[in-house]
Structure formats: C-alpha cells, structure tokens
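Read-outs: derived from the displayed coordinates by stated rules, not from any lab. This structure is a prediction, so every number in the text was calculated from the model and none was measured. Because the Cβ atoms are built from the backbone with ideal geometry, glycine has one as well, and the counts that use them run over all protein chains shown.
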C-alpha cells in the first residue's frame, strides 16, 4: 500500500506545482494522440462506411483484415515504421524519424483499424435498418453513406474514444520511432517507461495516474458533449 | 586549444545554432542522470541542442549504422572498433569508465568475477541476464566464457534472460531476490534496490569503458558532421572531462573521465 | 381475373375520371428461398383512388407490394406501369408496416427526403412545412422522430412518402399497430392524399378500413388472385369461397 500512497503524492505534487516538464510531456501526448486520432478518422470513417454499407469485391476479406489489424502489436508497428523512416530506409530522406510526426504516423497506423472497424459495424447495423427506405428513395451510394454517417454520429464517438484510448495508452510504437528524446519526443507513456527503468516506481505510477485522469477527462468530456448534442439536436 | 575551439564555436554558432545533434546512447548514461548534468553545460557553451536516444548498446550501434544518429556513445569496445573498421564511424575516443558489479541478496566471496559466476552456477543462482545484446550483456557473456560455463544451457531454470533494459532487469532482480550484472552508475541511481546489495566488485575484468564515435559523413551524408565533431571534441576535452568528474552521487563519482589526446 | 369493364364502371360510379390502371401485372412469378410466393398472378391495380389488397397471412400481399415498389424483381412475368417511361422511383412511394425513420427530427426527416427527391435547398423548408401541416405534425417539427408516438411516426412516414410527390402511394398495413384514434387520423390522411390525385394501393387486414377507403379489393390466396371485385360487392357478396371464409373469420391457409 505504501507504493500507492507515495504514487498518489508524487502525482499530486507534479500536478499541483504545474511541473513544466510534465506540462510539456502532457501537451505533447495530447498533440500526438489527438493528431493521430484525427488522421485515423479522416481515413477510418470513409473506409469504415465503405466496408459497412458498400458492396464491392474484396469487401469481406478487407473487413477481416481491418478487424484483425485492431490487434496490431504496437512494437511491430513501431519497428516497421522505423525500418521505413530510418535514414537507411526508403522514406529516410524525409527526416521524420525521432520527430512527433513519426509518432503521429505510428499511432495513426494503430488507431485507423479501430476507427474503421467500429465505423463499419455501426454503419452496417444502421444500413440494415435503412436499406429498404434508401431503396424506395432511390438514393445513390454516396448519399446513403452520408446519411448513415450523420445518423450514426453519436455512436461514432465511441469509435473515436476507443481510438483515442489506444493512442494515449500505447508505448511500444512511439518509443521506437520517437526515441523518447527529452523535450522533443517524450510523451506520458515513454516517460513512464523511462522512470520504471530508473527504478523510480512511485514516480512512474504517479505519471500513470495522471495519464489515467487525462483519459477519464477526455472520455467524460466527449460523453458529456454527446449527451448535450443529442438533447439539443435532432435525436 | 580551448581558445581555438571556443573561437571555432563562435564562428559557426549562427550556422549550427538552430541545428541539433542526435546521440545514440546506451541506457546507463541516461538512467544514471549523467546527461541531465552534462548536456546543459555543453548546450550552454556551444549553443548546439542535443537529443538523446537511449537504447541498448546493440540497438544504438544498429541505429547509428542506419545513419539514424550523429554520435554514438556506448560501452562495448570490440563492437565499437568493428563499427569504425566497417567505415561507419570516425576514429573512436575513450570518454570515461566506471565498473560493473554483481548485485544480489548476499555477498559472494571470490577471487575473480569468473570465480563468482562459477559459485553462482553451482548454487543455481538464480541469475538474471539482460539477454539483449547490450554492452552489459556482452560483458556478462565474456565473463561466463572466462569461467568456462555456458549458462544458456540452463536458460529458463536458474539462468533467466529478461530480454529487457537494465532498469527493467533490475526491477525483476529485486522482485525475485536474484543476482545480476550491472554498471555502478545505474546501480547507484537506481531507486528500487529493495534488499539487494553489491555481491561482488573491484576487479580489472569488471572495468567498464565508455567510448564516443562520430558517425562518418562519408557513410552517412545526412549527419550533422560539424556538430558531431564539436561534441566529440568537447566531451573528450578539458571542459567535458571536468564536467563528468564533477557528477557525483552521495559524494562518490559515478564515472571517471579518462580521455586521452 | 380482372374484370376491367366493371372497374371502369366503378370509377365512374365514384366520380373519378376514366383513367388507365396505374399498373398492369401479368403472370407474375416470385420465389423466395425456393418457395413460390406469387404464382402466376395477373391483375390491374390503381384505376380508382384506392385499391386494397387483402388475404390471409402468407398469401403474398407484402411481397406484391415490394415488387410494385421495385424492392423485389419478379422471377417471371411483367410489371407495366401506366406512365410512359420505365418506373421512375419518385413516381412510387412506399410506407412500411413499421415506419423506418431517420435518427433526426421530424423536420429533419422531411428535409432529408426532399433533398433526395431533388427539391432545391431554398424550397425545402417551405415544402417541409406544408407537409408537416398536411400531416398535422407542425407542433412536432423539432421533436426527434423516434420520440414521436406510434401514430405520429406513421403519419410522418406517410407525409415523407408524399414528399416524393408520387403518382402511386403503396401502404403496407399502415395502421396495424395503431389505436382507433390514430387509425382514423391515418385514414383521413390517405383520403386527403387521394384528393390531391395520388393513387393508393393499400395492404390491410382491417375489413372496416378496406370498406371505408377502398374502391376495389384484390383478394390473394396462396400467391394467386382469388377474387378482384368492387369493394361494396366484395363485402356483401364475396364471389370466392376463400374470401367468404376469410370475411367470416374462418381463416384457412
């Protein structure tokens, strides 16, 4: 119990003093994961809509692939991206390795399948319900997809939250392509890994508590927005 | 020499000020807090921003081979020489040393590290190995060879390979009340030492030499060759050496500078 | 089994103009999962304002309606509509037994439909308001459609179908889940639609409703037309044994 008490105090101390290093790390975590989730939505929403409501050859194998990719091990993603982004790799000249951009890319690879697969599920369920209506209205595929996405928008926040959770929590990919460089690519999870390796378990756990609080805050905020929007708007 | 270097720095300041160097490093120098002490001094004197990627020595060398770094700072002499010989790096320079120690729940009375390991093998450890091709792991492998024992035949029983960094391995060692090999700096700054103590120390075979290498611009045209040269010159020069010597924990130095001209 | 001269007479009797039937079905075959649903069905429907399709469960009523709406293709036979070109979808609108409403407001459902039917943006709101008034839903404009009562939901589905400005309105048991008051409201709405020149084909089990609304009754049994008569005669003197049994409640399959 001693460790947990100390961890709580460590966390409170860092937060209450607005530790500048901590603020920078939290800021970068939010920036990287936020950008990764935004990028994932940009790709995952249309992909998911096509998989959920589209009819094209290869749809089922692709759906299986996307579902399986939800469980991609972050370390494997990190390693693959490292080999691509390394100076010796094909994308080396871009100079992206050990930058936040590389971390955004890595997390987007991890999050996109989650957003796409959950979107596909939500859209498929709605599409099942609306199919006859769409057919009698003679709607185009694009118009159908737009209607499904709009009507599924409250359910889709769940997909976004699941993606954000994955992005904020993963360490394996960002530590490889980011390098955990102080003040440049250090985020919450890599800082926790570093403090653990230093044997500073209470500090590591304290950082973990802050990450948990952050995650809770984001979830509560989005859920609150969803409830308010649902009440104000057109159900 | 110092004046000349300072002049050079002043002249190149505008060109490199917005630039940075990337150091591929072993973990012990970061985990021990040396960089937090050393690098701000370097940055203040030269205006060059430093970025450290701290990984195992094996991975650091591999990353530098891929041109993903400007400077290599590790502790595996033979591998460093091979790196330079292959044309990946400019000539290697000694920077500093400390020593490896065996830590565990009890003191081991032995004449040499090889003796100590023989006793450990007989007592069936348990012994935790990094098993990650790091500098510490390489040294551990050499010590077992000197003792004439192949511990990997007992892998999974009393000999356990964590495949993790030094910190993670130390955490497991503390939890299992086992023995492991680590460097003194990491040990002195490790906060979760639990009931572990230094089981064996103080032998020439446990010397832990750190070297620095600028990645060759011929092999990697993308490197910041100027910044790398300035860093290597600085850390092996009087300023850097004095700064290393000044880093102490509870009065004891963690690293002893030993660069030669 | 169409007696077209009789239907024409009927139309005159009701005061409607003489006009060709909205749809001619010839020898329609439809199978689902290997089972025959419609077996050589021929009929002419929608000459008068309201045609009702009746028959016991499993007779093929709903499948016939889906076929007319273009949701199913026949395995054999021809469907021929009265208008010259191929059945354009906006000429036919279908209201389901259980209304399928978008997760939007009442107004949102109508705007969405008007948009799909190509009504220009600047005319959508005024047209939607007209439709709301038509369905007596004006005070429910901002209510989420799925929070409406069952009767209101069905009225919304009906006026949404009217947003297509259809020639032919297909209704699949529109009041089967509603209380008498809501049923009366829907029936009033159907009559108002016919007053605007829309022809209605209605599937119903409610003999009273068919009597109140329909000009002619198509009675299906086992995927075939058992009887097609003017409504008054159908209820007073059913010609087929199946219809007689059905009306007496002696429903057999």
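Listed values, structure above:
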{"quantity": "Antiparallel bridges, percent of DSSP beta bridges restricted to the protein assembly as shown (to nearest 5)", "calculated": "55 percent"}
{"quantity": "Partner chain coverage, peptide C:144-155 - average Cβ within 10 angstrom", "calculated": "1"}
{"quantity": "Per-peptide average of other Cβ atoms within 10 Å, ordering A:66-73, B:31-38, B:244-251 highest first", "calculated": "B:31-38, A:66-73, B:244-251"}
{"quantity": "Peptide-level mean, for B:60-73, of C-beta atoms on other protein chains within 10 Å", "calculated": "3"}
{"quantity": "Overall form of segment C:90-166 per C-alpha gyration tensor (a/c, 1.5; a/b vs b/c)", "calculated": "oblate"}
{"quantity": "Highest to lowest packing among B:114-126, A:216-228, scored as the average C-beta count within 10 Å", "calculated": "B:114-126, A:216-228"}
{"quantity": "Hull-based mean projected area of segment A:15-118, where the convex hull spans the alpha carbons, in square nanometres", "calculated": "8.5 nm²"}
{"quantity": "Ellipticity estimate at 222 nm from DSSP helix runs (n ≥ 4, -39,500 (n - 2.57)) divided over the protein assembly as shown, nearest 500", "calculated": "-16500 deg cm²/dmol"}
{"quantity": "Beta bridges per DSSP with both ends in segment B:100-206, % antiparallel, nearest 5", "calculated": "55 percent"}
{"quantity": "Fewest-first ranking of C:96, B:231, A:8, using other Cβ atoms within 10 Å as the exposure measure", "calculated": "A:8, C:96, B:231"}
{"quantity": "By average C-beta atoms within 10 angstrom, highest first, the peptides C:48-54, A:180-186, B:252-258, C:107-113", "calculated": "C:48-54, C:107-113, A:180-186, B:252-258"}
{"quantity": "Hydrodynamic radius (Kirkwood) for chain C, which is based on Cα pairs only, to one decimal in Å", "calculated": "18.7 Å"}
{"quantity": "Compactness of segment A:2-230, expressed as Rg and Dmax over alpha-carbon positions, Å", "calculated": "20.1, 67"}
{"quantity": "Cα-only Debye scattering, chain B: base-10 log of I(q)/I(0) at q = 0.09, 0.14 Å⁻¹", "calculated": "-0.42, -0.93"}
{"quantity": "Segment B:209-256 - convex hull of the alpha-carbon atoms, volume per residue in Å³", "calculated": "80 Å³"}
{"quantity": "Segment B:100-206 shape via C-alpha gyration tensor axes, a/c threshold 1.5", "calculated": "rounded"}
{"quantity": "Shielding by partners, peptide A:86-92 (average Cβ within 10 angstrom, other chains)", "calculated": "5"}
{"quantity": "0 to 90° range, to nearest 10: angle between helix B:2-17 axis and chain B longest Cα axis", "calculated": "80 degrees"}
{"quantity": "Using alpha-carbon coordinates, inclination of helix A:141-151 to the longest axis of chain A, degrees", "calculated": "50 degrees"}
{"quantity": "Of A:215, A:40, A:140, the one that fluctuates the most in a GNM where chain A has Cα springs shorter than 10 Å", "calculated": "A:140"}
{"quantity": "Prolate/oblate/rounded label for the protein assembly as shown (Cα gyration tensor, a/c 1.5)", "calculated": "prolate"}
